[in-house]
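Participant: Got a structure here, written out as structure tokens. Questions coming.
The values are calculated or read from the model by the stated rules, or taken from the named source; none is laboratory data. The structure presented is a predicted model; accordingly, all values stated were derived computationally and were not measured. So basically every Cβ, Gly included, is an ideal-geometry build from the backbone, and we count neighbours across all protein chains shown.
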Amino acid sequence: MTQLQFPWEIDREATREAVEQRLESARLFAQLGFIRRETKMTSSPEPRFHGATNVTSSPVEDTATYNVDTEQRLEKECEQVQQVISRLGKLERQLIQKRYMEDGETFDYNVYSELHLSERKYYRIKSNAIYKLAFALRLERYVD
């Protein structure tokens, strides 16, 4: 039986970074929620010497739209991450939860000693979990 080969090559480093960024974003959203932007209430001291552009702009509306859209996007991404993590195997799920989703800064050596794994097995399981997350979340990156 031959192994399936893709005509393109996955950029492993960029894929790993994209997944780690999404996990960090989900962790921060789950812990802190969304911090809303506020509008500036002071007028600009600079005079504007231009004619009418027929473009209307409202900083309050722009800020409100940004807040609502960004909060919904982050909430959706956080739910997706939680769903995908819940579908991983037990050991992969524990590893991802302990390494990326818990409070504070956790290092790899803390996690593999806590899970009673060898360093080599830990990194193999972590790599597999990262790639499963990448494909499930559609975060895989390819070499150009």
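Participant: So which of Tyr122, Tyr131, Tyr109 ends up being in contact (Cβ under 8 Å) with a residue 60 or more places away in the chain, aromatic (Phe, Trp, Tyr), part of a helix (DSSP H, G or I) and within 21 Å of Glu13 (Cα to Cα)? Step through it out loud before you land on a result.
Facilitator: Numbers: Tyr122 fails: in contact (Cβ under 8 Å) with a residue 60 or more places away in the chain; Tyr109 fails: in contact (Cβ under 8 Å) with a residue 60 or more places away in the chain.
Going through Tyr122, Tyr131, Tyr109 in turn, just one is in contact (Cβ under 8 Å) with a residue 60 or more places away in the chain, aromatic (Phe, Trp, Tyr), part of a helix (DSSP H, G or I) and within 21 Å of Glu13 (Cα to Cα): Tyr131.
Participant: Does segment 15-31 include one or more residues that are exposed (fewer than 12 other Cβ atoms within 10 Å of the Cβ), at pLDDT 85 or above and more than 24 Å from Arg138 (Cβ to Cβ)?
Facilitator: Just the residues of segment 15-31 that are exposed (fewer than 12 other Cβ atoms within 10 Å of the Cβ), to begin with: 21, 31.
Imposing the further condition that a residue be at pLDDT 85 or above reduces the set to 21, 31.
Cutting the leftovers down to more than 24 Å from Arg138 (Cβ to Cβ) gives us 31.
Within segment 15-31, one or more residues are exposed (fewer than 12 other Cβ atoms within 10 Å of the Cβ), at pLDDT 85 or above and more than 24 Å from Arg138 (Cβ to Cβ).
Participant: Does Gln83 satisfy the condition of being without any contact (Cβ under 8 Å) to a residue 12 or more places away in the chain and either under 18 Å from the mean Cα position of the chain (by Cα) or outside any helix (DSSP H, G or I) (or both)?
Facilitator: Values: without any contact (Cβ under 8 Å) to a residue 12 or more places away in the chain: yes; either under 18 Å from the mean Cα position of the chain (by Cα) or outside any helix (DSSP H, G or I) (or both): yes.
The answer is yes for Gln83.
Participant: Restricting the search to segment 86-98, which residues are surrounded by 13 or more Cβ atoms within 10 Å (Cβ to Cβ) and either more than 17 Å from the chain's Cα centre (by Cα) or more than 18 Å from Glu13 (Cα to Cα) (or both)? Walk me through how you get there before you give the answer.
Facilitator: The initial filter retains those residues of segment 86-98 that are surrounded by 13 or more Cβ atoms within 10 Å (Cβ to Cβ), namely 88, 91-98.
Scanning segment 86-98 gives Leu88, Leu91, Glu92, Arg93, Gln94, Leu95, Gln97, Lys98.
Participant: So if I check each of Leu117, Leu91, Leu95, which one is assigned to a loop (DSSP other than H, G, I, E, B), more than 30 Å from Thr39 (Cα to Cα) and among the aliphatic types (A, V, I, L, M)?
Facilitator: Leu117
Participant: Keeping to segment 130-144, report how many residues are of a type in the set (Phe, Trp, Tyr) and more than 20 Å from Arg99 (Cα to Cα). So that I can check it myself, show each step before the final result.
Facilitator: Looking only at segment 130-144, we keep the residues that are of a type in the set (Phe, Trp, Tyr), and these are 131, 135, 142.
Imposing the further condition that a residue be more than 20 Å from Arg99 (Cα to Cα) reduces the set to 142.
Here the count works out to 1.
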